[in-house]
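Step one of this worksheet: look at the structure below.
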Amino acid sequence: MNKQLGIFQVVVEDHKCVGAGQCVVVAPEVFDQRDEDGMVVLLQAQPDPALRPAVEKAVRLCPALAIRIEDR
Amino acid sequence: MTGPSPQQIVIVGASAAGVSAAMALRDQGYAGRLTLVDAQPHLPYERPPLSKRVLTLPDEEPSWLYPAQEYSHKAIDLRLGLRAQRLQEGAVHLDNGEALPFDRLLIATGVTARQWPGQMQMQGTHVLRSWDDALRLRQQLRQARRVLVIGAGVLGCEVTASARSLGLHVTLIDPQPVPMQRQLGPVLGGLLADLHRAQGVDLLCATGVQRLLAQDGRFAGVQTDDGRTLAADLLVVAIGAAPSTDWLQGSGLDLREGVVCDAYCRAADGIYAAGDVARWTCVHSGKLRRVEHRMHAAEQGAHAAANMLGPQQVFDPTPFFWSDQYQVKIQGYGFVEEGDEPVVAAGEVQSGRFVMAFIARGRVTALVGWNAARDLRLLRGRIGLPREQLAAA
């Protein structure tokens, strides 16, 4: 049912993050960076389905492969 | 060989560039055969942690690029432990006798760590490129007391920081005047030198190693070019890496310092290269460049994949790199060239948080952040713009 509605979860493994910020560049509604060390901040774990293409781009661009999408 | 729609794609080299290309091909709807081959036996893994957490955390495991099932899930035929030996007549020939014919080929075989002459004949010497190298180095660091690192590039500096944080005595030697001169330029390189010295590293810049010394078949130290003898019990050689192109001899490709490509990452009809091995043509300057950064590999792999399937797009990246040393996060965008003028664009050097911009011919060519990830990200768009625009809000 969730998949039909386009509902998806964003999962971030913070220990992998290297602070590149590429996720913020492509999906600023979903990601931000901590000021002190540039580590990722997940703003919305369940973003609007319309943001899925942007989040998919963030997944591929992350140099540490720290982001994944889960369809629940 | 190069029809409009490829049906068989072969990727040689399953690290960051090769795996990124494979995933991008499937993402873009390529439904034909896709073979990803690598000489190493391990599932594809991340290299950046090998000089950092893998050395400092005793039980750290490899960080896989993707879980094993992801490859089969995407119908990517991952063939590990097979070495490509020859490229001939539209096929890649492997060391097990198999031939892999292709409509499109991506060469992503990366680089091989350069060794110091004679180091293989002594125990206690290391290069660092693979997971196996890292495991061996981690084990030996446990018993070491005095570590000597030859080469103060990114890898040498990171290994030094890791060994120092394990409480070992570390000497870092390089003939350049400052560490990471190529990536940071002389001013930032000087700050990095200060950082290492403040952490207790015995940093010897503008110094060359004359020869390695051994005792009873074990590394015992080095003789420097200014006549000093430095004793140590573990050696890490971090003097750079050579593109892995031996297997392409006789293929007809231009192999001068990597696989030479045009501005589309194309080495020949239907043949592309990406990552550390690729020396591609920069569209604006016509210069050939080869970049050994993690994110660049993924970007170029994905770009080559897109070019394999559809209309050719010029590859014109703004490479990103990072280096974590002690409590400092160094990050950069663009290309720092000799003679570029460094200008503080955000923060202050004194506070330990700043962004340095590099100016050439009146324009911003590169940015390097020092514990300033957010500021760096916000300034990224200024690359290519006139220097006056750095101050704009």
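FYI, it's all coordinate maths here, none of it is from the lab. The structure presented is a predicted model; accordingly, all values stated were derived computationally and were not measured. Reconstructed Cβ throughout: ideal geometry from the backbone, glycine too, with neighbour counts over all protein chains shown.
Computed from the C-beta positions of B:Q210 and A:L5 and an R0 of 51 Å, the FRET efficiency is 0.15 to the nearest 0.05. Per-residue 3J(HN,Hα) values for the stretch B:42-58, derived from phi via the Karplus relation 6.51 cos²θ - 1.76 cosθ + 1.60 with θ = phi - 60°, read 7, 4, x, 9, 7, 8, x, x, 5, 9, 10, 4, 5, 7, 8, 9, x Hz in sequence order (x marks Gly and Pro). If you take each beta carbon of peptide B:371-377 and count the beta carbons of other chains within 10 angstrom, what is the mean? The shielding value for this peptide is 6.
In this structure, the pairs whose alpha-carbon distance is over 22 Å, taken from A:K16/B:K52; B:K287/B:K329; A:K16/B:K329; A:K16/A:K57; A:K57/B:K74, are B:K287/B:K329. Its Cα gyration tensor gives the stretch B:190-321 an equivalent ellipsoid; the semi-axes, largest first and in whole Å, are 40, 19, 12. For B:R353, the residues whose modelled amide H falls within less than 5 Å of its own, excluding neighbours fewer than 5 places apart on the same chain, are B:E348.
For the stretch B:16-21, the Karplus equation 6.51 cos²θ - 1.76 cosθ + 1.60, evaluated at θ = phi - 60°, returns couplings of 3, 5, x, 5, 4, 5 Hz by residue, with Gly and Pro reported as x. All Cα-Cα distances of the stretch B:76-222, cut into 10 Å bins from zero to the largest, leave 10, 32, 26, 17, 14, 2 percent in each bin in turn. Once C-alpha pairs closer than 8 Å and six or more residues apart are averaged by separation and normalised to the residue number of the stretch B:16-91, the relative contact order reads 43 percent.
Note on the protein assembly as shown: with charges restricted to the Cβ of Lys and Arg (+1) and Asp and Glu (-1), its dipole about the Cα centre is near 140 debye. Only one residue of B:I9, B:L43, B:L105 has its Cα farthest out toward the positive end of the dipole of the protein assembly as shown, where Lys and Arg carry +1 and Asp and Glu -1 on Cβ, and that residue is B:L43. Can you give me the C-alpha center-to-center distance between the stretch B:284-325 and the stretch B:356-393, rounded to a whole angstrom? If we compute the Cα centre of each part, the gap is 20 Å.
How would you classify the stretch A:19-68 from its alpha-carbon gyration tensor, with a ≥ b ≥ c the square roots of the eigenvalues: rounded for a/c under 1.5, else prolate if a/b is greater than b/c, otherwise oblate?
Oblate, since a/c reaches 1.5 and b/c is not below a/b.
Under the shape rule built on the C-alpha gyration tensor, where the axes satisfy a ≥ b ≥ c, chain B is oblate, since a/c reaches at least 1.5 while a/b does not exceed b/c. Of all DSSP-defined beta bridges confined to the protein assembly as shown, some 65% are antiparallel rather than parallel.
List the relative contact order of the stretch B:344-393 as a percent without decimals, with contacts defined as Cα pairs under 8 Å and 6+ residues apart.
30
Shown here for the stretch B:142-215: trypsin sites (Lys or Arg not before Pro) in loop regions (DSSP other than H, G, I, E, B) with at most 13 other Cβ atoms within 10 Å, namely B:R145. Summing Cβ point charges (Lys, Arg +1; Asp, Glu -1) relative to the Cα centre of the stretch B:226-279 gives a dipole of roughly 40 debye.
Along the stretch B:123-134 the Karplus relation, 6.51 cos²θ - 1.76 cosθ + 1.60 evaluated at θ = phi - 60°, assigns HN-Hα couplings of 7, x, 10, 9, 10, 9, 9, 10, 4, 4, 4, 5 Hz to successive residues, with x for each Gly and Pro. In this structure, the amide hydrogen of B:Y45, modeled 1.01 Å from its nitrogen in the peptide plane, lies closer than 5 angstrom to those of B:L65, counting only residues at least 5 positions away or on a different chain. Computed from Cα atoms, the angle from the helix A:52-61 axis to the main principal axis of chain A rounds to 40 degrees.
Per residue of peptide A:15-27, the mean number of Cβ atoms on other chains within 10 Å of the residue Cβ is 5. Peptide A:59-71 is shielded by partner chain Cβ atoms: per residue, an average of 4 of them sit within 10 Å of its Cβ. As a calculated quantity, the FRET efficiency between B:Q389 and B:R53 at R0 = 35 Å, using C-beta atoms, amounts to about 0.40.
Charge tally for B:R33 (other residues, Cβ to Cβ under 13 Å; Lys, Arg +1; Asp, Glu -1): +2.
Entry note, chain B: relative contact order of 16 percent, from Cα contacts under 8 Å with a spacing of 6+ residues. Taking amide H as placed 1.01 Å from N in the peptide plane, B:V259 has its amide H under 5 Å from the amide H of B:A278, B:R279, each at least 5 places away in sequence or on another chain. In chain B, the DSSP beta bridges split such that about 60 percent are antiparallel, to the nearest 5. Annotation for B:A99 and B:R142: the two label points, set 7 Å from Cα along the Cα-Cβ direction, are 4.8 nm apart. Taking a ≥ b ≥ c as the square roots of the Cα gyration tensor eigenvalues, with a/c under 1.5 meaning rounded and otherwise prolate when a/b beats b/c, else oblate, which class fits the stretch B:253-303? Verdict is rounded for the stretch B:253-303.
Ordering A:L65, A:A20, A:P53 by Cα displacement along the dipole of chain A toward the positive end leaves A:P53 in first place; charges were set at the Cβ atoms of Lys, Arg (+1) and Asp, Glu (-1).
What base-10 log of the normalised intensity I(q)/I(0) is obtained for the protein assembly as shown from the Debye formula, alpha carbons as equal point scatterers, at q = 0.10 Å⁻¹? Computed log10 I(q)/I(0) values: -0.78. The charge dipole of the stretch B:241-393, taken about its Cα centre with unit charges on the Cβ of Lys, Arg, Asp and Glu (plus for the first two, minus for the last two), comes to roughly 400 debye.
Just from its helices, what would the mean residue ellipticity at 222 nm be for chain B, if runs of 4 or more DSSP H residues each count -39500 (n - 2.57) and the sum is divided by every residue, rounded to the nearest 500 deg cm²/dmol?
Computed ellipticity for chain B at 222 nm equals -7000 deg cm²/dmol.
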